[in-house]
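Taking it in order: structure first as structure tokens, then the write-up.
No value in this document is a laboratory result; all are computed from the given coordinates. Treat the numbers as computed from the prediction; the structure is a model and nothing was measured. Backbone-built Cβ (ideal geometry, glycine too); neighbour counts: all protein chains shown.
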Amino acid sequence: MTLTRVVETIVPDAPAGPVADTIVSEVCRGLNVEVGAFMGKGRHQRVVLARSMCSYICRKLTTLSFPEIARAMGRSNHSTVITAYRRVERDMKARQGTLGPEMAPNHAGLTLTELAESLSKQVVRAAAGL
């Protein structure tokens with residue numbers, strides 16, 4: 001099921017899409033990452049995963065360009081957002097294993113695709129006020 005279909009099944013009359021700050025806050029909450037760490041320069045694996053998921057979900061659920069997503073994520077260069085987005089897509093296609101509890105404590109055992117769907121549902125619910 002595509003992310004667009006996930007959104008339509010949760011909230012059929014949803015507005016055009018959630019705003020980037022909702023995506024950032026919900027992904028950080030879902031992955032137990034502090035927003036300050038997310039916006040910072042740290043390279044902890046879970047923070048990198050959160051940034052990558054935000055890049056991917058922002059492109060799928062919004063009409064924002066890569067530079068706009070980068071600004072919303074506190075990044076100075078949009079090339080990092082493009083790289084993260086492409087890496088997530090590549091890893092999803094490769095279907096590389098499941099995530100462990102150190103990477104996604106609330107989502108251990110999910111694949112990257114399942115994690116993106118789960119976080120997207122969380123974002124859509126938050127954006128719809130559910």
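In plain terms, the residue of 120, 76, 65 with the fewest other Cβ atoms within 10 Å comes first and the most crowded comes last, giving 76, 65, 120. Couplings for the stretch 61-74, taken from phi via the Karplus curve 6.51 cos²θ - 1.76 cosθ + 1.60 with θ = phi - 60°, read 9, 10, 9, 5, 7, 4, x, 5, 5, 4, 4, 5, 8, x Hz in order; Gly and Pro are left as x. Candidate cross-link partners of residue 60 among the lysines, defined by an alpha-carbon separation under 24 Å and a same-chain spacing of 8 or more, comprise 93, 121. Loop-located GluC sites (Glu not before Pro) across the stretch 26-119 with a Cβ neighbour count of 10 or fewer within 10 Å are 102, with loop assigned by DSSP.
Label positions at residue 106 and residue 90, each projected 7 Å from the Cα along the C-beta direction, are separated by 2.9 nm.
Using C-alpha pairs under 8 Å with a sequence gap of at least 6, the mean separation divided by the residue count of the stretch 3-128 gives a relative contact order of 35 percent. Diffusion coefficient of the stretch 3-128 by Stokes-Einstein, Kirkwood radius over Cα pairs, 20 °C, 1.002 mPa s: 149 µm²/s. Potential lengthening of the chain between residue 125 and residue 35 amounts to 30.5 nm, from the contour at 0.36 nm per residue minus the alpha-carbon distance.
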